[in-house]
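Student: Here you go, one structure.
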Amino acid sequence: MTPTSDELLAQEERLQFGTFDNDTAIDLGLHLLQAAREQGLPVAISVRRNGHRLFHAALPGTAPNNDRWLERKARVVDLFGHSSFQVGTSFREKGTTFEAESRLDPDRYAAHGGVFPVIVRGTGPVGTVGVSGLPQAEDHAFVVSALETFLNARGAF
């Protein structure tokens, strides 16, 4: 079942960092890489802070197009401050589509699941973490699951 935009916003409220620096970004990327390898997922992974890509990996089964999808989804998160899945879902809930209503170039912006905002508690969004390679709901669910285990291991909850 596809989550509602409110449920997706609740994920963003819950999955926040106390701090986020380059080392944290690399650790997060490695965590996603390990999880993807363990599950045999063909995904490309990206972690960015303030537009600076701090981690990138592409597992077998991916292609350069996955990198383009990551960039297009990350632009949506950067612009709207919410997960790419939440943005697309909110447009669909209104009976329209992101492509029809946003007036943004679909070659540069994609409101499809898979990129999540890196939110620092008390500061707001400072970057993105995302994957591309699976259907959008699965991309999103993988990122959320990885964030939950990563933050839980760091005692962030």
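Student: If r is the Cβ-Cβ distance from Ala10 to Arg53 and R0 is 25 Å, what FRET efficiency results, to the nearest 0.05?
Tutor: 0.35
Student: Here's something else I'd like to know. Averaged per residue, what accessible area in Å² does the chain show with a 1.4 Å probe, protein chains only? Can you show the working numbers first?
Tutor: Values: 7700 Å² over 157 residues.
The answer is 49 Å² per residue.
Student: Put a dot 7 Å past each Cα toward the Cβ at Glu38 and Leu104; how far apart are the dots in nm?
Tutor: Modelled inter-label distance: 3.2 nm.
Student: Give me the one-decimal nm value for the distance between modelled label points at Ala63 and Glu93, 7 Å along each residue's Cα-to-Cβ direction.
Tutor: 3.4 nm
Student: Within the chain, what is the longest stretch that has no trypsin sites (Lys or Arg not before Pro) placed in a DSSP loop and near at most 15 other beta-carbon atoms within 10 Å?
Tutor: Numbers: sites that count: Lys94, Arg103, Arg108, Arg121, Arg154.
After excluding every exposed loop site, the longest remaining stretch is 1-93.
Student: Provide the per-residue ³J(HN,Hα) series for region 105-118, in order, calculated from phi with Karplus coefficients 6.51, -1.76, 1.60 and θ = phi - 60°, each as a whole number of Hz, with x at glycine and proline positions.
Tutor: Result, ordered by residue: 5, x, 6, 10, 10, 9, 8, 10, x, x, 10, 10, x, 8 Hz.
Student: Under 12 Å from a point placed 7 Å out from the Cα of Asp23 along the Cα-to-Cβ direction: which residues of region 137-157 have their backbone N that close?
Tutor: none
Student: Counting only protein heavy atoms, what percent of the accessible surface of region 12-157 is carbon or sulfur at a 1.4 Å probe?
Tutor: 48 percent
Student: Could I ask something else about it? Using a ≥ b ≥ c from the Cα gyration tensor of region 38-157 (square roots of the eigenvalues), is it rounded, prolate or oblate, where a/c under 1.5 gives rounded and otherwise the larger of a/b and b/c decides, a/b for prolate? The partial results should precede the final answer.
Tutor: Values: a/c = 1.56, a/b = 1.19, b/c = 1.31.
Because a/c hits 1.5 or more and a/b fails to exceed b/c, region 38-157 counts as oblate.
Student: Rounded to the nearest 500, what is the 222 nm mean residue ellipticity of the chain from helices alone, with -39500 (n - 2.57) per DSSP H run of 4+ residues and division by all residues?
Tutor: -15500 deg cm²/dmol
Student: If contacts are Cα pairs under 8 angstrom and at least 6 residues apart, what is the relative contact order of region 51-143 in percent? Could you put the intermediate results ahead of the total?
Tutor: On the way: 142 pairs, mean separation 27.1, N = 93.
29 percent.
Student: Pull out a ≥ b ≥ c, the square roots of the eigenvalues of the alpha-carbon gyration tensor of region 61-130, then state rounded if a/c is under 1.5, prolate if not and a/b is larger than b/c, and oblate in the remaining case.
Tutor: Here region 61-130 falls in the oblate category.
Student: So if I take the centroid of the Cα atoms in region 112-128 and the same for region 16-58, what is the distance between those two points in Å?
Tutor: Each part's Cα centre sits 13 Å from the other's.
The values are calculated or read from the model by the stated rules, or taken from the named source; none is laboratory data. Here the structure is a predicted model, which is why all the values come from computation and not from measurement. Backbone-built Cβ (ideal geometry, glycine too); neighbour counts: all protein chains shown. Note: areas computed on protein heavy atoms with side chains; ligands, DNA, RNA excluded. Shrake-Rupley method; radii C 1.70, N 1.55, O 1.52, S 1.80 Å.
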